[in-house]
Amino acid sequence: MTTPTAVICITPNPALDRTLTVPHLVRNAVHRADRVVEAAGGKGLNVARVLHEFGTSVLAIGPLAGPTGRLVAEHAAATGMPSEWIWLDEGETRTSTIIVDKITSTVINETGPSVAGRWDELATSLLDIVRAKCPQVVTVSGSYPPGVDSE
């Protein structure tokens with residue numbers, strides 16, 4: 001018997017989080033990163049990762065696209081966190097670059113793949129997953145991808 005999913009975390013616009021650590025960030029200078037870490041990212045995936053680490057039955061879902069999307073799926077799988085992805089035929093999952101030094105951090109977010117004209121179909125697919133799993137809680141966290149009407 002499978003354990004029911006307690007929480008489904010929807011990430012409308014997942015990202016590959018790429019964190020670069022430098023000794024001291026100086027504008028207009030060349031830097032060498034001491035450390036580079038990549039992880040599945042986006043607000044919903046961050047929520048899912050924390051819940052998973054605390055032992056909550058969680059499922060991360062969202063749309064992915066292209067080679068960067070495959071990296072996001074691989075990083076999520078490497079943590080053991082259950083996930084289901086809806087693969088987009090066009091575009092590329094965004095990358096968020098985080099530059100960290102001893103004092104500050106700077107985040108540069110790409111926009112992600114456009115879902116113009118496809119959002120209703122994508123949202124229906126996400127809701128189909130939710131309905132099939134009957135979770136106790138559903139979270140929707142983070143930005144929407146380009147092409148989604150703010151209404």
Considering LEU16, LEU20, which residue is assigned to a strand (DSSP E or B), within 11 Å of the chain's Cα centre (by Cα) and over 19 Å from ILE129 (Cα atoms)? LEU16
ILE10 fails exactly one of the following numbered conditions: (1) within 18 Å of ALA123 (Cα to Cα); (2) at pLDDT 95 or above; (3) surrounded by fewer than 18 Cβ atoms within 10 Å (Cβ to Cβ). What is the number of that condition? (3)
Of all residues being over 16 Å from VAL137 (Cα atoms) and of a type in the set (Gly, Ala, Ser) in the stretch 13-52, which is surrounded by the fewest Cβ atoms within 10 Å (Cβ to Cβ)? Just the residue, please. ALA29
Any chance you could count how many residues in the stretch 117-151 are closer than 20 Å to GLY41 by Cβ, of a type in the set (Ser, Thr, Tyr) and part of a loop (DSSP other than H, G, I, E, B)? 3
Of the conditions (1) at pLDDT 95 or above; (2) within 19 Å of the chain's Cα centre (by Cα), PRO135 clears all except one; give me its number. (2)
Has the stretch 108-128 got any residue that is β-branched (Val, Ile, Thr), in contact with a strand residue (DSSP E or B) (Cβ under 9 Å, 6 or more places away or on another chain) and within 21 Å of VAL37 (Cα to Cα)? yes
Do we find a residue being surrounded by fewer than 18 Cβ atoms within 10 Å (Cβ to Cβ), under 24 Å from GLU38 (Cβ atoms), small (Gly, Ala, Ser) and touching a residue at least 60 places away in the same chain (Cβ under 8 Å) anywhere in the stretch 77-96? no
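The values are calculated or read from the model by the stated rules, or taken from the named source; none is laboratory data. Just so you know, these numbers come straight off a predicted model, no measurement behind them. Note that we place each Cβ from the backbone using ideal geometry, even for glycine, and neighbour counts take in every protein chain shown.
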